[in-house]
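Please read the structure below before turning to the comments.
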Amino acid sequence: MPPKEVVRIEDDADRWRFLCPRGHRTWEPTNHHFWCQLCARRDDADGVFYELRDQKTDALLKRDRVQLLTDSGPYDHDLDGGAQ
Ligand SMILES: [Zn+2]
């Protein structure tokens, strides 16, 4: 397995780089997927999505392919390491 892509969700540079599939920066991680505030306002979407878009490489990253970090450590201990 290649290493996970690290996304610092409180870092401005990473917030500009990683976008929801429709190109918004208003996403938040949830358990095992993502949610986008702007997408949730659309009539044809509920805001939930499963692949984060990396603007730099144009890659789509599934939730289990990214490691989300906050200023105080991993966002999800079960998914992003720490306990195991
Ligand atoms: Zn969106």
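Does residue 45 satisfy the criteria of being of a type in the set (A, V, I, L, M) and away from the ligand (no atom under 16 Å from the Cβ)?
Spelling it out, it is not the case that residue 45 is of a type in the set (A, V, I, L, M) and away from the ligand (no atom under 16 Å from the Cβ).
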Notebook entry, point to check: What number of residues within region 1-25 are charged (D, E, K, R) and farther than 17 Å from residue 70 by Cβ?
Noted result: 1
Note to self: Can you confirm whether residue 10 is of a type in the set (D, E, K, R) and within 16 Å of the ligand (Cβ to nearest atom)?
What the structure shows: no
Item checked: Every pair of residues 6+ apart whose Cβ atoms lie under 6 Å, when the first sits in region 16-36 and is at negative phi while the second is near the ligand (Cβ under 7 Å from one of its atoms) and of a type in the set (A, V, I, L, M) -> 24/38; 26/38
Next item on the list: Among the residues of region 26-54, count how many are surrounded by 19 or more Cβ atoms within 10 Å (Cβ to Cβ) and among the basic types (Lys, Arg).
Entry: 1
Notebook entry, point to check: Out of all the residues in region 19-38, is one or more of a type in the set (A, V, I, L, M, F, W, C), within 14 Å of the ligand (Cβ to nearest atom) and farther than 20 Å from residue 75 by Cβ?
Noted result: yes
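Read-outs throughout are calculated quantities, based only on the coordinates presented, and are distinct from any laboratory measurement. Small disclaimer: the values here were computed from a predicted structure and weren't measured. Don't worry about glycine lacking a Cβ; one is built from the backbone with ideal geometry, like all the others, and counts go over all protein chains shown.
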